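A quick write-up on the structure given underneath.
The values are calculated or read from the model by the stated rules, or taken from the named source; none is laboratory data. In this text, all values refer to a predicted model and were calculated from it rather than measured experimentally. Cβ placement follows ideal geometry from the backbone for every residue including glycine, while neighbour counts extend to all protein chains displayed.
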Amino acid sequence: MKRYDLIVIGAGLAGLMAARTAVEMGARVLIAGGGMGALTLFGNTIDVLGRIPPGEDIAEGMSGFIDSFPEHPYARTGWEGVEKALDAFQELFPPPYHFSGVTRGNCLLPTGAGTMRPTFLIPATMASGVGMMPASTLVVGFRGFKDFQAETVSLHLRCRGAVIPFPRYRMGGMTAPAIARLMEDHSFVERLGEEIYQRMEGERFIGLPAFFGLREPVAAMKTLEAATGARVFEISILPPSIPGMRIYNRFHERLLQRGTAFLMGTPVSEAIVKDGRCRGIIVKNAPLGAGYQADRFILATGRFLGGGLWAGIERIVEPLFHVPVAQPSRRGEWFKGRFFDPEAHPVSQAGVETAADLRPLNEKGGIFLENLWAAGSILAHHQSIEEKSREGIDIATGYMAARQALAS
Amino acid sequence: MDYKTEVVIIGGGATGAGIARDLALRGIPSILVERGDFTSGASGRNQGLLHSGARYAVYDPEAARECVAENRILRHIAPHCIEPTGGLFVSLPEDGFEFRGEFIRACENAGIETVSLSPREALALEPGINPLLIGAVQVPDGAIDPFTLVVENIRDAESRGAVVFTHTEATGFLRDGDGVAGVVVRDLLEKKEFTISASWVINAAGAWANRILALAGLSIPMSLSKGSMLITNTRLSQRVLNRCRPPASGDIIVPNSTVSILGTTSLRVDAVESFEVLPEEAAFLVYELSLLVPEIKSERFIRAYAGVRPLIRSGETDDDRSLSRGFSLIDHQKENGISGLVTIAGGKLITCRLMAEKTVDFLCEKMGLRAPCTTAEQRLPGAGIGRSLQDRLLHMRREIPAARQEILCDCELVPRDEVEAVLKEGKVRELRDILHRTRIAKGTCQGGFCVYRLLGMLNELRRERNRGDSNEILMDFLEERWRGIRPILWGTALKEEELIESIYKGLFNLSGELSGGQEAGERGRR
């Protein structure tokens, strides 16, 4: 049986970041994921703490935030930890498809609902959305592609909208991944640019659904800009997310180059624990089961959607290790009466509590297992959806968990 | 504009719609006003059970006999609204056989056909039943689609001259001495008031009957009983499953197309709009009905809802389940000296045609008209048109070209074409009317994906632009959706909820704090 320095359980952004960090430190790593996590559903830009108003310095905002929420995952990493981790993340994305911020603070990007949304780091294909001026913007949607409603976006952004047929393909059921593949074809993108150009009324910005291809999205963007003479940008759409898949693919490619083993598609079925340490994991893929051993383990299995947490009728559990889960006392208190209550639903604070070094705690407040760390959204006491902090928490805690684990 | 007619009907539930059709078939002009859309009350908030009468056989033989007769008639006039599933009354060890003997005898007396099954025979028919059962009785129960039934009644009435106003509330009566001479109504969407004068006003407002009567200073003795139900993500059984014991809470599962509906609870309430399902009610239904079908414990639920039953009080009883499910026709001239006003209340979905017949018979007698009722013989206009999933798929493949097969709702396979057809009919006044008339938002995701798409399509057709902001409509929809799913959020349903929250609060930032147009507009001006 092959033995690893570190096994990362979970292949979402937190798990990928942990694996990448460990590999850079020279470790032999196995990453085991049931799926690709929320990353490929909602990953577009890198949120760090969207609740800090644009224009304010995020480092300052973060320190005030940590003072107010001393149990938040960011209180474990501190701003310095976030910053270092973001640098490491950005290193993975050299131009042309790079991530950048506009200032030291948040900026606002248009969404698929025509709202503006605060975020921190933006991929090159979305950058022009920040400077977009509604009066000279055209938002284009496509007949047969239902996950981006251009007229809803334009109505709320107060700009012009158009819904046009796709060149070449007249089909009713187009999906973002299918279109992303078409966008790899230069002649298709050129035709698309011409079709858009014909509908323009002198606009200087063109907003399109985020489906500019998986491999060379910036090249597709440049082609469209050449055809239209306008600045072109991608706008986030209903899941799945093509920009999220680009992030996953980049990690996947680099980790494979560095010899990381990927075990994808089947969730880890069992953890072998003995004398206060995790010894290995078992992945059952009927009719076979395989065991994997390591010195250290990182739990980055996400929340309910990722399978890191499971809600029974009355209690929430962490199904793999049975790490205690901090949660409201009964189900009646999991949710607010209103969906859009200004405060987050209490259940979103549920999760795994850890020591300062991100090792999960047992019921008595001691270390749950000597060699187990936790990272990402499974951690307790954050409200990533409301705070707009999903990617920041994943990147910062994934980075920190790997460094802590390998330092042991 | 003010209107004049012979009869005004208040209420667009099963009873009101049935009366409109019956009047139209007898050539009497009428106008129906409904405060919301059709079936917004108990007619649309029930379990969709086509009673064989068995459930009432022991304790309410009269209601049982009505069910037997009406069941037969509905199968003839509205076969497209009915799924003749059959039903089982299952005895578990704790139920014993005591009730069962009485039950079989009572069914025989009411004319309900029964077949006694051994546990093995029952399990062969329904493998999901608790294998510890000690026996079962087969009865001719079924499932019914109340919305189609009501809409078809309305459609038939309209084709024969009846006039219908939805989203229009009765706010007062026109008086003529001691009598009522019509109603004052308010169009709730246009915010306009108008009057309808008529010789007769029929109060068919269901649980809201006393709210209407209060406009004339009257009331009738009525109890309101809330019943909560849960919808599963898959169909648990082919047949309706009941516990074979005295009717109680949490003892019946009704299959309906691709899902099953678990019911019900019975809680006395004071307010008509008591539609909240409590988390403990949901847990109670899951526990009780998992005794009947053990798989329920791990089943995924897609929604909880509640209806308020209007029960007419006549005797001295405090138990709502033992109150008669029969109906009352009240002539307010006889009762209160106010002429021109009739209330029809109580009853059940399955007896709506009979209630309409009795009401219109009464009016005809008062008017001195000799026009016999034909609603038991004349079939509804859509009878014979298939509406099953199979029928819809065949229609889609044959009738819609590939380029236009844009499926707005992936769960229930609703093509854009179908929505455009509904819009063309012109009866649609708001989002909910579209949701009512299609399968959109009725599947697993409960509109989590398709309503955004639908609103985008409406924006494109410029239909919603003067009806208000489509993101506000979307947020209102998500709030309403929340009321239905909050009680059942555990297991897989909670996973999906995290997805939906991540989309609307996260990705689309619809928290209401940053309005896109404003922010972008301000930046644009700078």
Problem set entry | Enumeration of residues in region B:57-105 that are outside the structural domain of residue B:117 (by TED's automatic domain parsing) and basic (Lys, Arg) | B:65, B:72, B:75
Exercise. For residues in region B:267-277 being β-branched (Val, Ile, Thr) and assigned to a loop (DSSP other than H, G, I, E, B), which is farthest from residue B:441 (Cα to Cα)?
Worked result: B:272
For this session: Return the only residue of A:128, A:68 being more than 12 Å from chain B (Cβ to nearest Cβ), surrounded by fewer than 23 Cβ atoms within 10 Å (Cβ to Cβ), out of contact with any Phe, Trp or Tyr (no Cβ under 9 Å at 6 or more places or on another chain) and at pLDDT 95 or above.
Result: A:68
For this session: Kindly provide the set of residues from region A:350-379 that are in contact with an Asp or Glu (Cβ under 9 Å, 6 or more places away or on another chain) and closer than 27 Å to residue B:481 by Cα, ordered by number.
Result: A:351, A:377, A:378
Exercise. So which of A:296, A:338, A:330, A:303 is among the basic types (Lys, Arg), touching a residue at least 12 places away in the same chain (Cβ under 8 Å) and surrounded by fewer than 20 Cβ atoms within 10 Å (Cβ to Cβ)?
Worked result: A:330
For this session: Tally the residues that are of a type outside the set (Asp, Glu), under 16 Å from residue A:72 (Cα atoms) and touching a strand residue (DSSP E or B) at 6+ places or on another chain (Cβ under 7 Å), restricting the search to region A:308-364.
Result: 12
For this session: Check every one of the helices (runs of 4 or more DSSP H) wholly within region B:89-202 and list those with 3 or more residues that are farther than 30 Å from residue B:57 by Cβ.
Result: B:146-159
Problem set entry | Those residues of region B:249-273 which are in contact (Cβ under 8 Å) with a residue 60 or more places away in the chain and under 13 Å from residue B:224 (Cα atoms), in sequence order | B:272
Problem set entry | The one condition in (1) crowded, with 17+ Cβ neighbours inside 10 Å; (2) more than 14 Å from chain A (Cβ to nearest Cβ); (3) farther than 20 Å from residue B:42 by Cβ that residue B:289 fails to fulfil | (2)
Exercise. Filtering region A:85-102 down to residues that are away from chain B (no Cβ under 14 Å) and more than 18 Å from the chain's Cα centre (by Cα), which residue is surrounded by the most Cβ atoms within 10 Å (Cβ to Cβ)?
Worked result: A:96
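Residue-by-condition table, conditions (1) of a type outside the set (Gly, Ala, Ser); (2) under 20 Å from residue A:189 (Cα atoms); (3) within 9 Å of another protein chain (Cβ to nearest Cβ):
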position: A:104; (1), (2), (3): yes, no, no
position: A:108; (1), (2), (3): yes, no, yes
position: A:114; (1), (2), (3): no, no, yes
position: A:135; (1), (2), (3): no, no, yes
position: A:140; (1), (2), (3): yes, yes, no
position: A:145; (1), (2), (3): yes, yes, yes
position: A:155; (1), (2), (3): yes, no, yes
For this session: For residue A:406, state whether it is outside any loop (DSSP other than H, G, I, E, B) and more than 30 Å from residue A:54 (Cβ to Cβ).
Result: yes
Exercise. Of (1) under 19 Å from the mean Cα position of the chain (by Cα); (2) under 30 Å from residue B:224 (Cβ atoms); (3) of a type in the set (A, V, I, L, M), residue B:360 satisfies all except one. Which?
Worked result: (1)
For this session: Tell me, please, whether a residue that is surrounded by fewer than 23 Cβ atoms within 10 Å (Cβ to Cβ), under 23 Å from the mean Cα position of the chain (by Cα) and without any contact (Cβ under 8 Å) to a residue 60 or more places away in the chain can be found in region A:375-389.
Result: yes
For this session: Give the residue that is surrounded by the most Cβ atoms within 10 Å (Cβ to Cβ), with candidates limited to residues of region B:188-211 that are over 26 Å from residue B:47 (Cβ atoms) and within 25 Å of the chain's Cα centre (by Cα).
Result: B:202
For this session: Might you let me know whether region B:403-415 holds any residue that is aliphatic (A, V, I, L, M), away from every other protein chain (no Cβ under 13 Å), part of a helix (DSSP H, G or I) and over 23 Å from residue B:255 (Cβ atoms)?
Result: no
Seminar exercise, completed: Among residues of region A:342-370 being part of a loop (DSSP other than H, G, I, E, B), surrounded by 14 or more Cβ atoms within 10 Å (Cβ to Cβ) and within 11 Å of chain B (Cβ to nearest Cβ), the residue modelled with the lowest pLDDT is A:344
Exercise. Looking at residue B:241, is it in contact (Cβ under 8 Å) with a residue 24 or more places away in the chain, among the hydrophobic types (A, V, I, L, M, F, W, C), buried (at least 19 other Cβ atoms within 10 Å of the Cβ) and within 14 Å of chain A (Cβ to nearest Cβ)?
Worked result: no
